[in-house]
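The values are calculated or read from the model by the stated rules, or taken from the named source; none is laboratory data. Just so you know, these numbers come straight off a predicted model, no measurement behind them. When we count neighbours, we look across all protein chains shown, and the Cβ atoms used for this are built from the backbone with ideal geometry, even at glycine.
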Amino acid sequence: MRFCRLLAALAVLLCAMFLSPARAEGVDAALDRFLADSFAETEAAIGGVAQSGAPQAVAILQALGERRLFAHPASRGVFWRDAAGTAFDARTGLPAAMPGDAVVIRLNNRLRNVVQAALGTMTLLSPDPAVRLRAAESVFRSRDPAARAAIETAIAREPRGEIRRVLEEAHAAIMLADTGVPESVRIDAVRRLAETGDTEALGLLRQMLGPTAGPLRAAITQGIGAIEQRQQFRAAAQTVWFGVSLGSVLLLAAIGLAITFGVMGVINMAHGEMVMIGAYVTFLVQEALRQNAPQHLDWSLPIAIPLAFLVAGLVGVAIERGIIRFLYGRPLETLLATFGVSLVLQQAIRTWFGPTNREVSAPSYMSGAFEFLGLQITYGRLWIVVFTLVVFLGLLIVLKATPLGLQMRAVTQNRRMAAAMGIRTRFVDAMTFGLGSGIAGIAGVALSQIDNVSPNLGQSYIIDSFMVVVFGGVGNLWGTLVAAFTLGIANKVMEPFAGAVLGKILILVLLILFIQKRPRGLFALKGRAVEQ
Amino acid sequence: MSLTRRSLLGTALGGAAAMSLGIRSGFAQAAPIKIGILHSLSGTMAISETTLKDVMLMLIEQQNAKGGVLGRKLEPVVVDPASNWPLFAEKARELITQQKVSAVFGCWTSVSRKSVLPVFKELNNILFYPVQYEGEESERNVFYTGAAPNQQAIPAVDYLMSKDGGEAKRWVLAGTDYVYPRTTNKILEAYLLAKGVAKEDIMINYTPFGHSDWQTIVSDIKKFGSAGKKTAVVSTINGDANVPFYKELGNQGVKATDIPVVAFSVGEEELAGIDTKPLVGHLAAWNYFQSVKNPANDAFIKAWKAFKKSDKAVTNDPMEAHYIGFNMWVKAVEKAGTVDVDKVIDALPGIEAPNLTGGVSKMLANHHITKPVLIGEVRADGQFDVVWQTKDLVPGDAWTDHLEGSKDLESDWVGLKCGNYNTKLKKCG
């Protein structure tokens, strides 16, 4: 076995010597520097490996960037593991047995940049478009003049437009940063960068403004001006988007309450805990998937949604049957009783799951962001907006177009008349409360993606939820929708200049003034039901 | 109304816990020495403080296995102040007057510490406070085993200014809106200005407790970072708000290699609730990390996992502070030969106890301790890689040298018998 490996190593060595003898030596000398466990030596080693031209250089640097490169100083060995966990000897590039006490080679942020820059230059021609895109982005950041030739080749060969765009930007960045090229070329580069109009180009231009003079400086100033102007428009659109996204979270949290409080008139202080239960259901679903079928982890949210609805809905029905039905028409007692229920539920979760946060990871389709008309939109937020609207429409359909919805509206509008018509009002009460609670549970699934999954999760939403329902007009779903988005956007418009703390206070003050003027909220219900 | 209900619940729970523990350790021959544990087991702070209660129970159990102190068993008395600041004072009074404890280990937030201070002064007892804090305080009855600003905030900023830290030139100071971040940021701003950072290169931002919508602020940070100068974020964001903050950073693609965030309140415990893959490279400054390799720490982690009966249990900085503080108290009691409060307070300065990072910490005359400062980078597994640390232990400074009105003050409970001696006016207070 050992002999075989030796032979293989020898063959590779011979092969490497035949191809480029000096380079093969280079990679060995460079790898030795990894053994020192010092950031300065590691930096020298990265440069050495990148320049060695060794076929395993890319694999070594990729492993280093992902904490998969190991050093074993006792035997002067350097190894990497691939994503599947197989160990390779970095000197030969062949599979090898790694000593158990080999240690991971550490990086800091500065070195991580060095690794990315080196990898960028080396992977510009990779067959994988994702790798090429990442490479182009790293070259844009590093602006390493040595990458110029490589990037020019890459631009000529790149079949994909969006990657070619990034490559051209990177090329422009290199030209701009290079004091050796003619001024006219650098001015062209400035124009190219100003066209992209993104924040990174702006940062680069601002950075280059310092050491330049003459027409180039004028071009840069102009470029900065152009980007800033474009960004002002974007900032306004971005604020609206942030507001919509905050509004959708508010709506999601409040929509269940719009049923229990809005339609039924129960002051349900345990509403937040239904949201929390939904979040914990998501956590349990993810844990179960992680242990039994980790490859299907992305399905955790679609599975969690009906489960959360069922669990939270059943808890809701239990609360209604066990407590609230004895307290109809006695708002103060209902408030106290549901507040007690909320404390009990919180402490129960704290006892079962512990007081610390539970990790709910984001599925791949909810991580990251994309650019749309220059706006940065995160997938997670986008899905929550879409999801909220779907839930809202679904609820509207249930209320307006199903027999249960009809009965619910009948019971809330005139209980005795409904009973006289043969509707089982008790049953409808329980179902309505269950529906509201179940929808709060669904909200918990979505909120687990953006907030802590902890016993306190519900508390942070209960006040906001009441605010939205009261502002929108009790008993009116459309009012809740409008109120949530109004509050969300108002909050985001105020935040940049008033600050998050003062912004929140201002919103509350405005809301109080509004309620003084219109006690029934934005869209007041009319008719006999209101008089009760 | 909310307070009464919570406190009722808290009392009931605390009482039950204390009773069951009391019965368990009732076998000691001589009367046991009682130790108070004053950490929230319910409410918002339970997330951080529950582990500190558990670590105290473990340390006391270990000490009892070694035969206790002065031949007497130690008996923990656990109460639950339920994240309710006035209740902290009530519970502290109960521990001292009714339970007659010899020392108390407790508190997390500065406001809870401020709330119990008058009680400890009036009833003359000892409090060990294990959490990093804003400084500007030194009391005869309190021993601060967490970091003062010069043991955490200032070295962290120094690191970010260094070559390895990325030579940051522009700073975002983001914090939760209460006393610790506000004071720390005041100190940091003065320090940065003194270091030649321009006023327009510092952005200060405060958010409410439990803030969950970070879109605007993260996008502001990105914009602030696009001025062509290396930008770093110093975060004193506390507790639950950190999870959505880091999630938003990850989602908006703020990478540590571009804009690193160094946090003062995020440890292993907080990261346990986050998917840390997008956060790799973001930093935390502490005096201890679980990933530090040495025999004492390995033994401590092993004992902790066994005590919690969970392989996933993590250790963190305030736990180490309690470890150091508890051992210092044991040594001081043995040196004084009694648990008499005044004698133990006099015995404590000068006491040395090993910390878990391989050094020996010492209790100073200003009731703060010496500790190393470590900068760690978040790894994908939720632990930290130590990327930088001070060569020697740093002595805690109660009164910062970077603020007017505080730089002339000195604390010395041994020679001067004063917590805020003014060196200019040559008088105490």
Of everything in the range A:324-343 that's more than 9 Å from every other protein chain (Cβ to nearest Cβ) and hydrophobic (A, V, I, L, M, F, W, C), which residue is surrounded by the most Cβ atoms within 10 Å (Cβ to Cβ)? A:Ile324
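Please list, ordered by residue number, the strands (runs of 3 or more DSSP E) wholly in the range B:311-429 having 1 or more residues that are among the polar types (S, T, N, Q) and outside the structural domain of B:Asn287 (by TED's automatic domain parsing). Reasoning before the result, please.
Details: elements: B:352-354, B:360-362, B:374-378, B:384-389, B:409-412, B:418-422.
The qualifying strands (runs of 3 or more DSSP E) are B:360-362, B:409-412, B:418-422.
Yes or no: A:Thr221 within 14 Å of another protein chain (Cβ to nearest Cβ) and modelled with pLDDT of 85 or more? Walk me through how you get there before you give the answer.
Numbers: within 14 Å of another protein chain (Cβ to nearest Cβ): yes; modelled with pLDDT of 85 or more: yes.
Answer is yes for this residue.
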So A:Val509 fits all but one of (1) in a helix (DSSP H, G or I); (2) more than 10 Å from chain B (Cβ to nearest Cβ); (3) buried (at least 17 other Cβ atoms within 10 Å of the Cβ); what number is the exception? (3)
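Got a sec? Which of A:Arg91, A:Arg76 is assigned by TED's automatic domain parsing to the domain that holds A:Ser52 and surrounded by 21 or more Cβ atoms within 10 Å (Cβ to Cβ)?
Working: A:Arg76 fails: surrounded by 21 or more Cβ atoms within 10 Å (Cβ to Cβ).
Testing whether each residue is assigned by TED's automatic domain parsing to the domain that holds A:Ser52 and surrounded by 21 or more Cβ atoms within 10 Å (Cβ to Cβ) leaves just A:Arg91.
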Which one of A:Phe485, A:Phe466 is closer than 20 Å to B:Gln215 by Cβ, aromatic (Phe, Trp, Tyr) and either out of contact with any Ser or Thr (no Cβ under 6 Å at 6 or more places or on another chain) or within 12 Å of chain B (Cβ to nearest Cβ) (or both)? A:Phe485
If a residue has to be within 9 Å of chain A (Cβ to nearest Cβ), of a type in the set (Ser, Thr, Tyr) and assigned to a helix (DSSP H, G or I) to count, how many in the range B:208-257 make the cut? 2
Across the range B:280-314, what is the total count of residues that are at pLDDT 95 or above and of a type in the set (Val, Ile, Thr)? 1
Some residue of the range A:66-79 being more than 10 Å from chain B (Cβ to nearest Cβ), assigned to a loop (DSSP other than H, G, I, E, B), in contact with a Phe, Trp or Tyr (Cβ under 6 Å, 6 or more places away or on another chain) and at negative phi: yes
Only one of these is more than 14 Å from every other protein chain (Cβ to nearest Cβ) and in contact with a Pro (Cβ under 7 Å, 6 or more places away or on another chain): B:Lys73, B:Lys66, B:Lys34. Name it. B:Lys73
Is it the case that A:Thr199 is of a type in the set (Val, Ile, Thr) and either more than 12 Å from chain B (Cβ to nearest Cβ) or over 30 Å from A:Leu487 (Cα atoms) (or both)? no
What's the total number of residues in the range A:143-192 that are part of a helix (DSSP H, G or I), more than 20 Å from A:Gln222 (Cβ to Cβ) and not acidic (Asp, Glu)? 21
Quickly run through the range A:344-388 and pick out the residues that are part of a helix (DSSP H, G or I), under 15 Å from A:Ile277 (Cα atoms) and more than 7 Å from chain B (Cβ to nearest Cβ). A:Val344, A:Leu345, A:Gln346, A:Ala348, A:Ile349, A:Thr351, A:Trp352, A:Phe353
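For every residue, the table says whether it meets (1) more than 14 Å from chain B (Cβ to nearest Cβ); (2) surrounded by 24 or more Cβ atoms within 10 Å (Cβ to Cβ); (3) of a type in the set (A, V, I, L, M, F, W, C).
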position	(1), (2), (3)
A:Val240	no, no, yes
A:Met274	yes, yes, yes
A:Asp298	no, no, no
A:Ala304	yes, yes, yes
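Name every residue in the range B:269-310 that is part of a helix (DSSP H, G or I), over 26 Å from B:Asn251 (Cα atoms), touching a residue at least 40 places away in the same chain (Cβ under 8 Å) and not small (Gly, Ala, Ser), in order of residue number. First the steps, then the outcome.
Step one: list which residues in the range B:269-310 are part of a helix (DSSP H, G or I), which gives B:269-271, B:277-279, B:295-308.
This time we only want the ones that are over 26 Å from B:Asn251 (Cα atoms), so: B:295-308.
Adding the requirement that they be touching a residue at least 40 places away in the same chain (Cβ under 8 Å) leaves B:296-297, B:300, B:303-304, B:307-308.
Result: B:Asn297, B:Phe300, B:Trp304, B:Phe307, B:Lys308.
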Identify the residue in the range B:166-207 that is aromatic (Phe, Trp, Tyr) and more than 11 Å from chain A (Cβ to nearest Cβ) and, among all such residues, is nearest to the chain's Cα centre (by Cα). B:Tyr180
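Looking at this structure, is A:Leu119 surrounded by 22 or more Cβ atoms within 10 Å (Cβ to Cβ), assigned to a helix (DSSP H, G or I), touching a residue at least 60 places away in the same chain (Cβ under 8 Å) and out of contact with any strand residue (DSSP E or B) (no Cβ under 6 Å at 6 or more places or on another chain)? Let's see the steps before the verdict.
On the way: surrounded by 22 or more Cβ atoms within 10 Å (Cβ to Cβ): yes; assigned to a helix (DSSP H, G or I): yes; touching a residue at least 60 places away in the same chain (Cβ under 8 Å): yes; out of contact with any strand residue (DSSP E or B) (no Cβ under 6 Å at 6 or more places or on another chain): yes.
Considered against the rule, which asks whether it is surrounded by 22 or more Cβ atoms within 10 Å (Cβ to Cβ), assigned to a helix (DSSP H, G or I), touching a residue at least 60 places away in the same chain (Cβ under 8 Å) and out of contact with any strand residue (DSSP E or B) (no Cβ under 6 Å at 6 or more places or on another chain), A:Leu119 comes out as yes.
Does the range A:32-42 include one or more residues that are within 14 Å of chain B (Cβ to nearest Cβ) and of a type in the set (S, T, N, Q)? First the steps, then the outcome.
In the first step, residues of the range A:32-42 are kept if they are within 14 Å of chain B (Cβ to nearest Cβ); the result is A:37-42.
Retained after the next criterion (residues that are of a type in the set (S, T, N, Q)): A:38, A:42.
Scanning the range A:32-42, I find at least one residue that is within 14 Å of chain B (Cβ to nearest Cβ) and of a type in the set (S, T, N, Q), so the answer is yes.
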